[in-house]
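The values are calculated or read from the model by the stated rules, or taken from the named source; none is laboratory data. Here the structure is a predicted model, which means the values were calculated and not measured. Cβ: placed from backbone, ideal geometry, glycine included. Neighbour counts: every protein chain shown. With ligands, DNA and RNA removed, areas are computed over all heavy atoms of the protein, side chains included. Shrake-Rupley method; radii C 1.70, N 1.55, O 1.52, S 1.80 Å.
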Amino acid sequence: EGGSAGSSSGPAVASETVEQSTPQNEPDLWSWQMGLSVMSGLIGSMLSATAFSRQREASKGKLRSPSSLSGIGVSASARIVQQLGGSLLDAEAQSPLFSLGPVPRCTAASDLRRNDRHFTIITTAALPWLTGTAVNPLLRALNLARHGRPVVLVVPWLEVEDQAQIFAAGQTFASKDEQEETIFKWCRERAKIDPAVLPLKIRWYGAKYVHNVRSIFPSGDPALALGQDDPRDVLILEEPEHLCWYHHGTRWPELFRHVVGIIHTNYQDYLIQKKDVDLDSDYLAPALIPDEIKEASVFAATTWVCSAYCDVNIKLSSTIMPLPNEVTCNVHGCRDEFLEIGDMCGKPEHQAGGAYYLGKASLQKGWGELLELLEKAGPLLEGLHIDGYGSGADQNHILKSVAALEHASLKMSNGIDHANEVIHPYSVLINASTSDVLCTVNVEALAMGKRCVLARHPSNNFFEEHFSNRCHFFEVGDAVGFANAVKNALAAGPAQQLPDGQRHALTWDAACERLFCAAEVRVLSGRFQRPSEAAASRLAYRLHHDTMKDRLILDVIKGATLGTKTPWGEYLNEWRREGLGKLKVQARLMEREMRPDHLLEHERYIMERIKELAGNMIPNSPSQRGRTDGDTGAAARDTSVSTEVTDGELEQASDRRRGS
């Protein structure tokens, strides 16, 4: 049965070659072991239904989700998984699991602490798009490189038309070098790190922005962006499900010694938040598909690719669906800039107090929940004033809702960087959002010494466990509890510097240490050294790869999920030329085999067998043995009549078939 996560101990193990840790190609013949692995996976999937249902309820705030973090600086939950594949055993109704005796050290391939390890990080966004999957992977790469570990950061390159849709103020780049210089400038100014002096390289893969889902997807195989001299050692896939849903290139575990996926986004909730249907759109299917089907489809596709392409899947919080080989751990930190602001809390300019909220102006990003709670709280928050900062598609809608508030007031301004000096004086961040996996704004606010008003929700487990003295919680949708939490937070006074232990927990050094813990694999039994070698994982890859390499199937799936246009006319013409001709030939062959004489022969045979069966059964029946000879003759006559009626009915049925 497979591996578990935890801190490693003992002397460092010498580096192994890629060939040593990569399994040898095995024949693809089916054996009883593979059959057993498939059965295990099917049974595990069925057993996971209850756990998955509970997980979805918890992610929507209806159930309390147990946390998986046990320490503030270095923490990750240990998981025991089967090498045959299947569901996580400890996900089934919290069944007890035990590991007795000494725990083996992690495998050499999964020991990421050694200074001789090389990291490749592939992500789904790049600056100047200020989104989490652009900023956090970049900061992770900077921290690893700052400690002497070589890093290759692979980011998407968009065409100019796509750049104008997502970059601020319509900013575009004619070349990759121009955009790379913009990224390096941000690192120097905001992260206070110069990438030019670090062992950090940037590679680019071709990608396309899909407006329907507000996301970037690879247009080919990102592995082709790697240089021939780039070591294939440790691979971190930021959003592995996003990168691999339509991947039809080389299997990542065959290229790298250890593959870690970090799941940033709850795509099940993200996809069902789009409720508007554009009747003039060329593609309406994604908007018309029921939410339940969307959720189930995303669950199936995500577990499929995470099993096929990753050794370990790290969820930032338990709002994410159950995944194969999962560990729940916050592996993000914040820029030193925020911690330095928190260190200055004693200065007069940080003593003003007051409440604020900052986030993209989208109703699904906390604004809708905040406005609803302010309206429901009514007189309980009489006189409360909140300053809001955010830009986005729903800004005008939010402004109209703000104007309708009767008791509390909210002043809406355009979005700014969270480290802007305008934010420094505030003492309380009010964030009612339950749509995030792990809200970076909360991390940054705590680093600046502020208090946070948060919903008691699985996405906030990290803050409730380790910053309960700085956070004030309320139950999801509870306006009275929300009002009390706001009052208590404001009454606590101005921002205060964090203690050393809590301050360190928010650094990228601590975040990388948590990553090293979560990525470890310990082999308890079995011959495989990594989860991606298990039969279920290899089978998942084979099925996914064979499906995605078919252009028709790939385009149809993309159309159904992304809303992209599918060339149906071209496909239908091709089918008429080839597929329809084959069907006509098969129809003629079937017609020849099913001619009337052939059917009549079968009918005669069936009638003879029925008569024979009736003759064998009736004389031996219990009631027949107690009858007299006269009765027997009568029974025979009755049987004859009954048989004649049956023959007539069969002849009529035969005539009707011949006429047809």
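Using amide H atoms built in the peptide plane, which far-off residues or other-chain residues are under 5 Å from Trp204 H to H?
Close amide H contacts, sequence-distant or interchain: Val155.
Could you order Arg105, Arg522 by accessible surface area, starting with the largest, using a probe radius of 1.4 Å?
Largest to smallest exposure gives the sequence Arg105, Arg522.
If you average the C-alpha positions of the range 369-410 and of the range 195-259 separately, how far apart do those two centres end up, in angstrom?
Each part reduced to its Cα centre gives a spacing of 41 Å.
Let me check something: with ligands and nucleic acids excluded, how do His457, His385 order by accessible area (1.4 Å probe), largest to smallest?
Order by accessible area, largest first: His385, His457.
Taking 0.36 nm per residue of sequence separation and subtracting the Cα-Cα distance, how much length would be gained by fully extending the chain between His211 and Asn420, in nm to one decimal?
Stretched fully, the His211-Asn420 segment lengthens by 72.3 nm.
Sequence-distant or interchain residues sharing an amide H contact under 5 Å with Thr328, placed H: which?
Ser77, Lys315
Before anything else, pin down the relative contact order of the range 349-472: Cα pairs under 8 Å, at least 6 apart, normalised by residue count, whole percent.
Rounded, it is 29 percent for the range 349-472.
What does the net charge come to around Asp478 if you take all other residues with beta carbon closer than 12 Å to its beta carbon, with K and R at +1 and D and E at -1?
Value of the local net charge: -1.
Could you calculate the FRET efficiency of Ala296 with Met344 from 1/(1 + (r/R0)^6), where r is the beta carbon distance between them and R0 is 56 Å, rounded to 0.05?
That gives a FRET efficiency of 0.65.
Can you pull the accessible area of Asp509 for me, 1.4 Å probe, Å² to the nearest 10?
Using a 1.4 Å probe on the heavy atoms, I get roughly 60 Å².
Top to bottom by accessible area (1.4 Å), largest first, where do Trp367, Trp245 land?
The ordering from most to least exposed comes out as Trp245, Trp367.
Once ligands and nucleic acids are excluded and a 1.4 Å probe is used, how much of Ser99 is accessible, expressed in Å² to the nearest 10?
Rounded to the nearest 10, that gives 70 Å².
Around Thr123, under 12 Å between beta carbons, what's the net of Lys plus Arg minus Asp minus Glu among the other residues?
Around Thr123, the surrounding residues sum to 0.
Tell me the label-point distance for the pair Asp478, Lys582, using the 7 Å Cα-to-Cβ offset, in nm and rounded to one decimal.
6.2
Considering only the other residues whose Cβ falls under 14 Å of the Cβ of Leu490, what net charge follows from Lys and Arg at +1 and Asp and Glu at -1?
+2
Relative to the present Cα-Cα distance, how much length would full extension add between Ser413 and Thr182 at 0.36 nm per residue of separation?
Working it through step by step, the gained length comes to 80.5 nm.
On full extension of the chain, what length is gained from Lys376 through His602, given 0.36 nm per residue of separation minus the C-alpha to C-alpha distance?
73.8 nm
Using r as the Cβ-Cβ distance of Leu130 and Lys400, and R0 as 30 Å, what FRET efficiency do you calculate, to the nearest 0.05?
0.70
Are any of the pairs Lys201/Lys315; Lys208/Lys294; Lys208/Lys584 more than 29 Å apart by Cα-Cα distance, and if so, which?
Lys208/Lys584, as the Cα separations exceed 29 Å there.
Using modelled amide H (1.01 Å from N, peptide plane; none on Pro or chain starts), what sits under 5 Å from the amide H of Leu130, excluding residues fewer than 5 places away?
Excluding prolines and chain starts, which carry no amide H, there are no hits.
In the full protein assembly as shown, how much of Ser110 is accessible to a 1.4 Å probe, in Å² to the nearest 10?
Its accessible surface works out to 0 Å², give or take rounding.
What distance in nm lies between label points placed 7 Å from Cα along the C-beta direction at Val103 and Ala491?
4.2
What whole-number value in Å² describes the accessible area per residue of the range 327-461 for a 1.4 Å probe?
Accessible area per residue, the range 327-461: 36 Å².
Can you figure out the FRET efficiency of Ile80 with His147, using R₀ = 45 Å and their beta-carbon distance, to the nearest 0.05?
E(calc), rounded to 0.05, equals 0.90.
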